[in-house]
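Chemist: Here you go, one structure.
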Amino acid sequence: MEKTPVEIIDVEIKRSSPEYPKLLAEIPDSPESLFVKIKKGVPLELSRPAAAIVGTRKATSHGESLASATAETLARRGLAIVSGLALGIDAASHRGALKAMGRTIAVLAGGLDKIYPPQNERLAEEILQSGGALISEYPPETPPFKQNFLARNRIISGLSFATVVIEAPRISGAIQTARLAAEQGRDVFVFPGGVGQSNYVGSHALIRDGARLATSAAEILDDLGLYTERSEPAKAVPASFSSAEEQAVYSLLQQAGQPLAIDKIIEETKLQPQLVGRALASLAIKRIIKEERGRYSI
């Protein structure tokens, strides 16, 4: 029996649209429009809690394995994984999310009608087939000019409430992404490497400048308030919350008595989108709330 072909659609989202990602809208130079390629029938959910994982294109096998494992662990905890579809760390991060059957978003530096680099065309197809998305601020037929890669980094960090750096040389787009994330008020985590290793010169500079050192995905989840032991039983009603934001979101959902979209939660709690996203992710990971079709309920 032949499989029914999956239809991929293209959508343009204006900044004024309710579907425009809330975290991205917070940054001062957010794009006026986003061009999105996604599988038909899959909700856009661009405001879903996400973490970016970035690093060098000339990654070592260790770096690629670490990126994949980190993405897999974060995706299993319910986070969308954002990266740039480049060779090396980016591609490994997308594949890690796919391995976890999680959602991953690739931000391109040119029009979505032509995948760059062409070596990752198959990976882009897998991302779409799995329910992920390709995003660009550039309309179709726009070539991936060199300056576009630097500009798109603000979108990678802007979509995410945390950015993780794996293997960043002294000159690296990942360093710029991390610095943009810090300027945007987002958390930055960096995996260290051996002294004198060229692929970690930029990484170590970021740590010296104040980025958080990370040695495992569990540490990242713990710092974000999203870590729970696998053996911990789910609780219908929590005895305590990790933050005041979690308490506020839970109370709102309890009072509402019906599923609420993230936009409504942000509006009612009057909290910043980044804080609401983190609270929702934490509550979902603890299995205190559930997400279905972009709406959250207890």
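None of the figures in this text is laboratory data; all of them are computed from the coordinates on show. These figures come from a predicted structure and were not determined experimentally. Reconstructed Cβ throughout: ideal geometry from the backbone, glycine too, with neighbour counts over all protein chains shown.
Chemist: For the chain, give me the percentage of DSSP beta bridges that are antiparallel, rounded to the nearest 5 percent.
Modeler: Here the share of antiparallel DSSP bridges comes out near 45 percent.
Chemist: Order by neighbour count: H94, H204, H62, fewest other Cβ atoms within 10 Å first, most last.
Modeler: H62, H204, H94
Chemist: Now a separate question. Full extension from E121 to S243: what is 0.36 nm times the residue separation minus their Cα-Cα distance, to one decimal in nm?
Modeler: So the extension gain works out to 39.8 nm.
Chemist: Please work out how much length the chain gains when fully extended from I298 to L213, using 0.36 nm per residue of separation minus the C-alpha to C-alpha distance, in nm with one decimal.
Modeler: 27.2 nm
Chemist: Also: Can you classify region 244-297 as rounded, prolate or oblate using the Cα gyration tensor, where a ≥ b ≥ c are the square roots of its eigenvalues, rounded means a/c under 1.5, and otherwise it's prolate if a/b beats b/c and oblate if not?
Modeler: Here region 244-297 falls in the rounded category.
Chemist: Of K39/K114; K14/K39; K58/K146; K39/K286, which sit over 22 Å apart, Cα to Cα?
Modeler: Check vs 22 Å cut-off fails for K39/K286.
Chemist: Under 5 Å between amide H atoms, partner at least 5 residues away or on a different chain: which partners does V188 have, H built in plane at 1.01 Å?
Modeler: T163, R212
Chemist: Apply the a/c threshold of 1.5 to the C-alpha gyration tensor of region 140-201 and tell me whether it is rounded, prolate or oblate.
Modeler: oblate
Chemist: Right, something else. What is the distance, in nm, between label points placed 7 Å from the Cα along the Cα-to-Cβ direction at Q255 and at Q272?
Modeler: Here the modelled spin labels are 2.3 nm apart.
Chemist: A follow-up question, please. Give, as a single signed number, the net charge of other residues whose beta carbon lies under 10 Å from the beta carbon of D223, with Lys and Arg counted +1 and Asp and Glu -1.
Modeler: -2
Chemist: Based on other C-beta atoms within 10 Å, arrange Y296, Y250, Y200 from fewest to most.
Modeler: Fewest to most other Cβ atoms nearby, the residues stand as Y250, Y296, Y200.
Chemist: I would also like to ask the following. Ranking R154, R95 by Cβ neighbours within 10 Å, fewest first, what do you get?
Modeler: R95, R154
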